[in-house]
C-alpha cells in the first residue's frame with residue numbers, strides 16, 4: 001500500500017467518525033426530547049378527552065333531569081302509565097317527542113324491569129326487554145357509558161347517561177345519549193398529529209387512518225354496553241396515539257444533511273489527503289528518482305537541501321552521502337587505474353617471461369652443447385632454429401598486442417593441433433613429469449588469434465606441470481569436437497589435465513581471481529589471464545575435479561566459420 | 001292559498017307533475033288526473049261498468065275481441081273530436097306494458113285495430129265474457145300529446161290550465177263546476193288547512209285530530225284502500241298480530257288486514273312473470289319503500305318482534321325492485337291496493353315483486369286516508385276506488 005493510499009485511508013475515518021458520532025447523538029437526543037413532548041401532549045389530550053366526556057355526559061344528564069321533571073308533571077303520560085288505553089299512542093310517541101325536544105339522539109323510557117315503554121330513536125321497539133340500558137340504570141358508575149343503541153337497520157354509538165324517577169308507584173328510567181361518530185372522534189383530536197380511536201368490541205372509530213409511526217399511546221377506558229346485541233358490561237377504549245411522523249421527518253432531514261455533510265467531509269478529506277500526500281510524496285518521489293539515477297558514471301545528482309523539514313533533512317543526508325560517494329569513487333577509480341597498470345605490468349612481465357623461457361632454454365642448451373660438443377653446435381642451432389623463431393615470433397606478437405593496448409582480439413581460423421604442438425615444443429618439462437597429448441581427428445579450426453590461443457595453452461600447461469610437485473606425474477592435453485547447433489559451427493574442447501595435488505572446492509571457486517595463487521611465488525595472474533582471453537574469444541573455461549587426484553581445465557572455443 | 005268563489009284548493013300528497021299524465025306516480029297525480037282524463041269505460045260507485053269515452057261495446061270472436069264504439073260527442077279540450085285512431089295513438093304513446101295495466105297481451109300496436117273513426121277492436125289473449133274492467137283503468141285514459149304544451153290534452157269535464165302557477169283544473173266550455181287548484185302537501189298537513197286549503201287528503205292522525213277540533217272542517221273517511229302485507233318468509237315464532245300493529249306500531253288509521261277480495265279471485269289467473277336475477281336467493285333485511293311511513297313503521301316493529309338479528313331497511317322504488325329481484329331482502333313490507341281494475345293484472349304485479357322471496361303473502365294491516373273538507377263545501381264524491389272527485 002502506497003504512502004498516498006495510507007494517507008487517504010487515514011483521513012477518511014478522521015472526517016467521517018466525528019460526523020457519525022454527532023449524527024447518532026443528535027438522533028438520540030431528538031428522539032428522547034420529542035418522544036417526551038409527544039407523551040406530554042398525548043396525556044394532555046387524554047385528560048382533555050376525559051373532561052370532554054364528563055362534560056358531555058353532564059350535558060346529557062341535565063337534559064334527562066329536565067325531561068324527568070316534565071315527565072313527572074305530564075298528566076297524559078301518567079294516564080298512559082296507569083293503563084289508560086286512549087293514551088297509549090301518546091306513550092309510544094312520548095320518547096320521540098321528548099328526544100327531539102331535548103336535542104338528544106337516543107332516548108328510552110324503561111320501567112323498573114328493563115322493558116321499554118317508549119323509545120325515541122326506535123319508536124316501535126316498545127315492549128322490548130332492554131337489559132343493557134337496565135344495567136346502565138342500575139350498576140354502571142355515574143350511570144354513564146358508551147351504548148351501542150339498536151335501530152331498525154343497525155345500531156349507533158352514543159354517550160349515554162341514565163336517570164331514574166318515580167311516577168305514582170312505578171320506578172321509571174330515562175336513558176338518553178348523544179351520538180358518537182367519526183366526527184365526534186375527530187373533534188377529540190384537535191391536534192392533527194394526534195390520532196384518537198374509539199375502540200369497542202363492535203368496531204373502531206378513528207379520527208384518521210392508522211399511521212405506521214403512531215406510537216406514543218394513552219387511553220381512556222369507558223364502560224361499554226352493546227344494547228343491540230347484549231353481551232354484558234364491557235369496556236370501550238379511547239386510544240390516543242401520536243404520530244412520530246414529525247420525528248421521522250426530522251430524522252430524514254437530519255439523515256439527508258448528515259449524508260450531505262459526510263459527502264462533503266469525505267470529499268474535503270480526500271482532497272486534503274491528496275494534497276498532503278502529494279506534498280509529502282512528491283519530494284520523496286523526487287529524492288527516490290534522483291537517488292535511483294545515481295551510478296558510478298552519474299554522480300552529479302543534486303538533492304534539495306534548502307528545505308527545513310524532514311524531507312530537507314533526508315535530502316541533506318543523501319547530499320552528504322552523495323558527496324562521500326563521489327570522493328570515494330574518485331579514489332576507487334584511481335586505485336583501479338593503478339591496479340590496472342600494475343596488473344598490466346604483471347601480465348607483461350608474466351607474458352615476457354613465458355616468451356623468454358624457451359629462448360632461455362635454447363641458449364642454455366646451446367651453451368651446454370658449445371661446451372661439451374662444439375662440433376654439434378651448428379646442427380643443434382639448426383635443429384632449434386624453428387623453436388627459436390617461434391619464440392621470437394611469440395614475443396613479437398605479444399609486443400604487438402600490448403602496443404595496440406586493446407583487448408580486442410584479432411580472430412581468424414586457427415589450427416588448434418598446431419597451437420598445441422608448438423606450445424608443447426617450447427614447454428620446459430621437468431624429468432619427473434610426462435606430457436602426453438591426445439589430439440582428436442577432424443578437429444575444426446577455431447576463431448582465435450594464434451598468440452592468444454598459445455597464451456591460453458601455455459598458462460594451463462605451466463600450471464599443470466607446476467602442480468606436479470616432486471613426484472612423477474602426467475600432464476595430458478586432449479582435444480575434441482564440440483558439436484555445433486543450427487547455424488553455430490562445431491567448436492573445440494581442449495582439456496588440460498594433470499595428476500597433481502588437485503584443488504579444493506574453495507580453491508576452485510577462487511582459482512580465476514586475480515593475484516590468487518596456491519603456488520609459492522606464483523603471481524596469481526595465469527588463470528585470470530586464461531579466463532579473460534577465453535572470454536575474449538567467445539569461449540568458456542571450467543575446472544573439473546578429477547577422480548583420484550589432479551585437476552582438469554576444460555576450455556571450449558567456438559569454431560571458425562572459415563576453414564584454417 | 002285561500003279559495004275564492006268557485007275555486008277549490010285541494011291539498012294532496014305530492015309530488016304533482018301534469019306532464020306525467022296519464023300515468024300517475026303519486027296520490028296527488030292520481031286525484032288530479034282523475035279530474036282531467038277519461039277512459040273508454042268507467043266504474044260506478046258500486047263497481048259497475050258504465051260508458052266513458054265509449055258509448056257501446058260488444059264482444060267478438062268468442063270474447064277474444066272487444067269492439068268499442070266511441071261517443072260521437074267525444075271531444076278533446078281543444079274541441080277536436082276523439083277518433084279511434086286517437087285512442088290507439090294514446091295507448092301507443094305511453095306504452096302501457098302488458099304486465100302493468102293493459103288487458104291485452106303483447107304490444108298495443110298488435111292488439112288494437114282501428115275500424116273507423118269511432119270504432120276500434122282490441123284483441124285479448126284470454127277470452128272475456130264481460131268487458132274487462134281494466135279498460136276503466138285511468139292509466140288507459142285517452143290523451144293527446146301536443147308539442148310545446150306542458151301537459152297532454154284530455155277529454156274529461158275539466159281541462160288543465162298549463163299557464164297557472166299550480167296545477168289547475170278548469171271546467172270545460174259548457175260545463176259548470178268549481179275550479180280545482182291542486183297543491184302538494186309538504187310537511188305538516190295542518191299547515192295546508194291553516195293556509196286555506198278547502199280539501200286535504202291525509203292519513204296523519206295529528207291532522208285528523210286537529211280537524212276534529214275545528215267545527216268548520218269535516219273529516220270524511222275514505223275506503224280502506226291499501227293493505228300492507230309481508231312478502232316473503234317470516235322468521236318470528238308466531239305470526240305478527242295485525243291488530244296490535246294497527247293499534248300501536250302504525251300511526252295512521254289502520255286495522256288488522258283482510259286480504260282483498262280480488263286477491264282470492266285472482267288465484268285462478270295464469271300468471272307468468274320474468275325470471276329472477278341469477279344471484280337471487282333471499283337474504284338481508286326486511287325491505288320497505290323508503291318514503292312509505294306506514295311500511296317503515298311496520299317493518300321496524302317486525303324487526304323487534306323477530307329478534308335481535310333482524311334488520312329493516314328502506315329503499316327507493318326502483319332500488320327496492322332490484323333488491324327483491326336479486327334476493328337482497330329476506331322479506332318486504334309492501335302495500336297492495338284493495339280495489340283493482342283487473343285482479344289478474346294486480347296479482348301479476350305483486351307476484352313479480354315477490355317471486356324471489358321465500359314464503360307467501362302475510363296480510364298485516366289495512367289503512368285508509370281521510371279527506372278533510374270545509375263543511376260548506378259541496379259537490380265532492382268518492383269513486384269506487386276511494387278517489388275523490390268534484391262535480
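Tally the DSSP beta bridges in chain B and give the antiparallel ones as a percent, rounded to 5.
Beta bridges within chain B, antiparallel portion: roughly 75 percent.
Working from Cα positions, state the angle (0 to 90°, nearest 10) between the long axis of helix A:526-536 and the longest principal axis of chain A.
Value to nearest ten degrees: 70.
Taking the Cα centre of each part, how many Å lie between region A:66-92 and region B:114-135?
Result: 61 Å between the Cα centres.
Only bridges whose two residues both fall in the protein assembly as shown count here: according to DSSP, what percent of them are antiparallel, nearest 5? Please list the in-between numbers first.
On the way: 126 of 151 bridges.
Around 85 percent of the beta bridges assigned by DSSP in the protein assembly as shown are antiparallel ones.
State, to one decimal in nm, how far the label point of residue A:219 lies from the label point of residue B:127, with both points 7 Å from Cα in the Cβ direction.
Going from the residue A:219 label point to the residue B:127 one covers 8.1 nm.
Semi-axes, largest first, in whole Å: what does sqrt of 5 times each Cα gyration tensor eigenvalue give for region A:58-190?
Working: eigenvalues 122, 44, 38 Å².
So the three semi-axes of region A:58-190 are 25, 15, 14 Å.
Using every pair of alpha-carbon atoms in region B:293-357, split the distances into 10 Å bins beginning at 0 and state the percent of pairs per bin, rounded to integers.
Cα pair-distance distribution for region B:293-357, in percent: 19, 46, 30, 4, 0.
What are the equivalent ellipsoid semi-axes of region A:1-117, built from the alpha-carbon gyration tensor (square roots of five times its eigenvalues), in whole angstrom, biggest first?
Values: eigenvalues 1166, 36, 17 Å².
After scaling each eigenvalue by five and taking roots: 76, 13, 9 Å.
Largest first and in whole Å, give the semi-axes of chain B's equivalent ellipsoid, each being the square root of 5 times a Cα gyration tensor eigenvalue. Provide the component values of the computation, followed by the final result.
Working: eigenvalues 241, 175, 59 Å².
Semi-axes from the Cα gyration tensor: 35, 30, 17 Å.
For peptide A:151-157, how many partner chain Cβ atoms fall within 10 Å of a residue's Cβ, on average? Mind showing how you got there, number by number?
Numbers: counts 4, 16, 9, 4, 1, 0, 0.
Mean partner-chain Cβ count within 10 Å for A:151-157: 5.
Where q = 0.05, 0.06, 0.09 Å⁻¹, what log10 of I(q)/I(0) comes from the Debye formula for chain A, counting one point per Cα?
With no solvent term, the Cα-only Debye profile gives -0.55, -0.61, -0.87.
What nm distance separates the two modelled labels at residue A:235 and residue A:313, each placed 7 Å from Cα along Cα→Cβ?
It is 7.8 nm.
So what is the relative contact order of region B:165-252, in percent, for Cα pairs below 8 Å that sit 6 or more residues apart?
After rounding, I find 18 percent.
Could you tell me the calculated FRET efficiency between residue A:480 and residue A:323, based on Cβ-Cβ distance and R0 = 56 angstrom, to the nearest 0.05?
Values: r = 56 Å, r/R0 = 1.00.
Efficiency, rounded to the nearest 0.05: 0.50.
By how many degrees, between 0 and 90 and to the nearest 10, does the Cα long axis of helix A:88-102 differ from the longest principal axis of chain A?
Around 50 degrees separate the two axes.
Ranking A:529, A:443 by Cβ neighbours within 10 Å, fewest first, what do you get? Before the final figure, lay out the partial values.
On the way: A:529 23, A:443 20.
Neighbour counts put them in this order, fewest first: A:443, A:529.
Taking neighbour counts of Cβ atoms within 10 Å as a proxy for exposure, in what order, fewest first, do A:503, A:335 appear?
Fewest to most other Cβ atoms nearby, the residues stand as A:335, A:503.
Cut-off is 10 Å between beta-carbons; in what order do A:556, A:393, A:36 appear when sorted fewest neighbours first?
On the way: A:556 19, A:393 15, A:36 11.
Lowest count first: A:36, A:393, A:556.
Starting from the Cα of residue B:216, move 7 Å in the Cα-to-Cβ direction to define the label point; list residues of region B:178-206 whose amide nitrogen is under 11 Å from there.
Under 11 Å, as judged by backbone N against the label point of residue B:216, lie B:194-198 of region B:178-206.
Given region A:3-246, what whole percent of its Cα pairs are spread farther than 34 Å? Before the final figure, lay out the partial values.
Values: 10358 of 29646 pairs.
Value for region A:3-246 (Cα pairs over 34 Å): 35 percent.
Would you work out the Kirkwood radius for region B:88-174? I mean one over the mean of 1/r across all pairs of different Cα atoms, in Å.
Values: mean 1/r = 0.0673 Å⁻¹.
Hydrodynamic radius (Kirkwood, Cα pairs) of region B:88-174 is 14.9 Å.
Ignoring solvent entirely, what values of log10 I(q)/I(0) come out of the Debye formula for region B:4-148 at 0.17, 0.21 Å⁻¹ when each Cα is a single scatterer?
Rounded to two decimals, the profile gives -0.98, -1.43.
Please give the length that would be gained between residue A:540 and residue A:371 if that part of the chain were fully extended, namely 0.36 nm times their separation in residues minus their C-alpha to C-alpha distance (nm, one decimal).
Working: separation 169, 0.36 × 169 = 60.84 nm, distance 4.71 nm.
Contour length minus the Cα-Cα distance gives 56.1 nm.
For n ≥ 4 DSSP H runs only, could you compute -39500 (n - 2.57) per run for chain A, divide by its residues and tell me the 222 nm figure to the nearest 500? Intermediate values should be presented prior to the final figure.
On the way: 12 runs with 292 residues, N = 564.
Helix-only estimate at 222 nm: -18500 deg cm²/dmol.
Label-point separation (nm) for residue B:375 and residue B:241, each offset 7 Å from Cα along Cα-to-Cβ?
Rounded to a tenth, the inter-label distance reads 3.9 nm.
If you average 1/r across every pair of different Cα atoms in region A:474-555 and take the reciprocal, what Kirkwood value do you get, in Å?
Working: mean 1/r = 0.0720 Å⁻¹.
Evaluated over region A:474-555, this radius sits at 13.9 Å.
Just for the Cα atoms in region B:31-70, what are the lengths along the principal axes, largest first, rounded to whole Å?
Each principal axis gives a Cα extent; for region B:31-70 these are 37, 21, 15 Å.
Using r as the Cβ-Cβ distance of residue B:114 and residue B:176, and R0 as 25 Å, what FRET efficiency do you calculate, to the nearest 0.05?
Values: r = 34 Å, r/R0 = 1.36.
So the FRET efficiency works out to roughly 0.15.
First check a/c for region B:226-367, with a ≥ b ≥ c the square roots of the eigenvalues of its C-alpha gyration tensor; if it is under 1.5, answer rounded, and if not, answer prolate when a/b is larger than b/c or oblate otherwise.
The shape class here is oblate.
Evaluate E = 1/(1 + (r/R0)^6) for residue A:33 and residue A:65, where r is the Cβ-Cβ distance and R0 equals 41 Å; express this FRET efficiency to the nearest 0.05. If you can, show how the numbers build up before the last one.
Working: r = 48 Å, r/R0 = 1.16.
It comes out at approximately 0.30.
Evaluate the Debye formula for region A:409-557 with equal point scatterers sitting on the alpha carbons, no solvent, and hand back log10 of I(q)/I(0) at q = 0.11, 0.17 Å⁻¹, in q order, two decimals.
Evaluating at q = 0.11, 0.17 Å⁻¹ gives log10 I(q)/I(0) of -0.39, -0.96.
With axes computed from alpha carbons, what is the tilt in degrees of helix A:310-372 against the longest principal axis of chain A, rounded to the nearest 10 within 0 to 90?
It works out to around 20 degrees.
On alpha-carbon atoms, Rg over Rh for the protein assembly as shown using Kirkwood Rh?
Using Cα coordinates only, the ratio equals 1.63.
No value in this document is a laboratory result; all are computed from the given coordinates. On a predicted model such as this, the values are computed, not experimentally measured, just so you know. Note that we place each Cβ from the backbone using ideal geometry, even for glycine, and neighbour counts take in every protein chain shown.
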